[in-house]
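Single-structure report; data block below.
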Amino acid sequence: MRKLSMLVVVPSLVAMSLAAAPVLSSAYAAGSDEPSSPPKSDSSSKKGKKKSSSVSDPKFLAAYRTAYTTIYDNHDYAGAIGQLKQLKRDDVADVANLIGYSYRKLGDYQSSKIYYELALKDDPNHVRTWQYYGLWQLEQGNREQAQYHLNKIASLAGTDSSEYRSLAAALDKPTGATLVY
């Protein structure tokens, strides 16, 4: 009887966890465990071709996903910074953005700013960086700059995007409120 109930319960639990997976992934504020392709404007340059080939490399993707999990599941920001820097691709917007996010979570705002700006240099339309950098601006007390970032997100991804909603919700909180994201 016990074996029979395990045969019924375990598959049910697996099915429920798979059904909940899309909901859980959206709670990560806007990250993705797979880096986006480089911007189309980079595809004609030699640098863009190198970048494109490296982000599609299975070893690169596996290491990126490991660092992503280290950040969002384990909250080990220092460990993730090391993992991401080992990729030697901090010129890729997704990588630089996650390094910036990790530094921000560790309270190293100067290093965080450097990496957010590197991400935007690689891809000026990188919505997640605009979101995270907007949250950085809020943490620094720069509400006007955070609003600028929110407007940029609206122009790039619309007001229904998770990035927009996340930054808008943070901006709705009164100045000095503890922000959790």
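The values are calculated or read from the model by the stated rules, or taken from the named source; none is laboratory data. Nothing here was measured: the structure is a model prediction, and the numbers come from that model. Cβ coordinates were reconstructed from backbone atoms using ideal geometry, including for glycine residues, and neighbour counts include every protein chain displayed.
The residues listed here are 67, 169, 93, 78; of these, the one that is aliphatic (A, V, I, L, M) and without any contact (Cβ under 8 Å) to a residue 12 or more places away in the chain is 169.
Take residue 30 and decide whether it is at pLDDT 95 or above and crowded, with 19+ Cβ neighbours inside 10 Å. The answer is no for residue 30. Any chance the stretch 82-103 includes a residue that's under 23 Å from residue 167 (Cβ atoms), at pLDDT below 50 and among the hydroxyl-bearing types (Ser, Thr, Tyr)? Among the residues of the stretch 82-103, not one is under 23 Å from residue 167 (Cβ atoms), at pLDDT below 50 and among the hydroxyl-bearing types (Ser, Thr, Tyr), which makes the answer no. Across the stretch 126-144, not a single residue is classified as in a helix (DSSP H, G or I), in contact with a Gly (Cβ under 9 Å, 6 or more places away or on another chain), crowded, with 19+ Cβ neighbours inside 10 Å and of a type in the set (Gly, Ala, Ser).
Can you name every residue in the stretch 106-120 that is outside any loop (DSSP other than H, G, I, E, B) and touching a residue at least 24 places away in the same chain (Cβ under 8 Å)? Result: 109, 112, 115, 118, 119, 120.
Checked against the criterion of being among the small types (Gly, Ala, Ser), in the same structural domain as residue 90 (by TED's automatic domain parsing) and at pLDDT 95 or above, the stretch 118-130 contains one or more residues that satisfy it.
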